[in-house]
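Please read the structure below before turning to the comments.
The values are calculated or read from the model by the stated rules, or taken from the named source; none is laboratory data. The structure presented is a predicted model; accordingly, all values stated were derived computationally and were not measured. Please note: Cβ atoms are built from the backbone with ideal geometry, for glycine as well, and neighbour counts cover all protein chains shown.
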């Protein structure tokens, strides 16, 4: 495997969010993933953590010398400042930082920031230009706003879990915390929209309110109008999606799983010719998606039979030559040797503080003129505390006193 070296200052042009200061009051996934995106594209992200352990993500999943490898990815390019927000001095330091910020991202339960004296009205008075991004299970309003909500709850209430899996089995989750990640993407998008609005509409900030269940719900394609017009409730259908045929997972002779997506009219014809079923390619009743969908079981049986007679390498070679979208289903091990991943620098080599190197995901999206980059992995707890307090005017003795008192 060959991975690209993670970037360092001076190796690429100024990034699009250079000069934007972001304060993160977030833990685990949704808020921190949002700020990770902003940091990769040049924003200065200052992550506020409790002096007593910091973000729980530091201890989630696989650990290297006591720190999560996930942490090093999720917190890359961010500065870590420890503050005890139960102490008035910690809150005052936070306020001073927020006074110079462009964006604040928080994913506490609604009301927590208000109890700290850091609610929207207080912060807007302090810094009228501030954009406040608020991620929560159910949003800042409504009868459920005060209830705790994690990604799994958002995926369930937003409709994703109900349609995921097979009809004869209970709903299943995807392999990642996708509800949190989708919410983070909406949050990053909302932050940038609000910055743009601030730029062209008088210079004031606003609140970006992202609810996890709504973030998932917004991805549910035609589910709402189909129910409203036809009373149709989309159910679990495994690896096929009725109405889009053929597109399915098939098992090869050597027990590999391949995806064949041939639901385009011309693509379907190429597939049938490629697998020796020209009769179906020329069948006028299969010329459009509606006709194919009506005979979905028959078509899937034909494709299953052909794929099952061949090894995966042969199947994919034939389909590639025919211009039929197809792939085997990748494990992470496959990604490490895949030419496409490597060509687009989707595996970056990063160094830990002890010099250990490891691969991390590359940057998305690819910008041609001002690309993002990974400058450093997630910081040690409080690594930038002294630097940031000195910027705010604290001298060495004052910083030491705050440490002795447990404020930082």
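Some observations on this one:
- The numbered conditions (1) at pLDDT below 95; (2) touching a helix residue (DSSP H, G or I) at 6+ places or on another chain (Cβ under 6 Å) are all true for residue 103 except (1).
- First in the range 74-87 and farther than 21 Å from residue 378 by Cβ, second anywhere and surrounded by 24 or more Cβ atoms within 10 Å (Cβ to Cβ), Cβ under 6 Å, 6 or more apart: none
- Count of the range 68-93 residues which are over 27 Å from the mean Cα position of the chain (by Cα), surrounded by fewer than 23 Cβ atoms within 10 Å (Cβ to Cβ) and closer than 19 Å to residue 44 by Cβ: 0
- Pick from the range 152-168, criterion part of a loop (DSSP other than H, G, I, E, B) and touching a residue at least 40 places away in the same chain (Cβ under 8 Å), ranking: nearest to residue 210 (Cα to Cα): 158
- Output for the range 223-254, where each listed residue is loosely packed, with under 12 Cβ neighbours inside 10 Å and over 31 Å from the mean Cα position of the chain (by Cα): 229, 230, 231, 254
- Under the condition of being touching a helix residue (DSSP H, G or I) at 6+ places or on another chain (Cβ under 8 Å) and either crowded, with 16+ Cβ neighbours inside 10 Å or in contact (Cβ under 8 Å) with a residue 24 or more places away in the chain (or both), the residues counted in the range 271-298 number 13.
- Of the helices (runs of 4 or more DSSP H) entirely within the range 303-408, those holding at least 3 residues that are closer than 30 Å to residue 53 by Cα and either assigned by TED's automatic domain parsing to the domain that holds residue 28 or out of contact with any strand residue (DSSP E or B) (no Cβ under 9 Å at 6 or more places or on another chain) (or both) occupy 385-391, 396-404.
- The single condition from (1) at pLDDT below 95; (2) under 21 Å from residue 355 (Cβ atoms); (3) in contact with a strand residue (DSSP E or B) (Cβ under 9 Å, 6 or more places away or on another chain) that residue 26 fails is (2).
- Exactly one residue out of 190, 149 is surrounded by 13 or more Cβ atoms within 10 Å (Cβ to Cβ), at pLDDT 95 or above and either touching a helix residue (DSSP H, G or I) at 6+ places or on another chain (Cβ under 9 Å) or in a helix (DSSP H, G or I) (or both): that is 190.
- Meets criteria (surrounded by fewer than 22 Cβ atoms within 10 Å (Cβ to Cβ) and either assigned to a helix (DSSP H, G or I) or in contact (Cβ under 8 Å) with a residue 40 or more places away in the chain (or both)) for residue 27: yes
- All positions within the range 193-221 that are part of a loop (DSSP other than H, G, I, E, B) and either at pLDDT 95 or above or under 21 Å from the mean Cα position of the chain (by Cα) (or both): 204, 205, 206, 218, 219, 220, 221
- Conditions (1) surrounded by 12 or more Cβ atoms within 10 Å (Cβ to Cβ); (2) within 20 Å of residue 72 (Cα to Cα); number of the one not met by residue 311: (2)
- Looking across the range 48-78, the residues that are assigned to a strand (DSSP E or B) and touching a helix residue (DSSP H, G or I) at 6+ places or on another chain (Cβ under 7 Å) come down to 48, 67, 68, 78.
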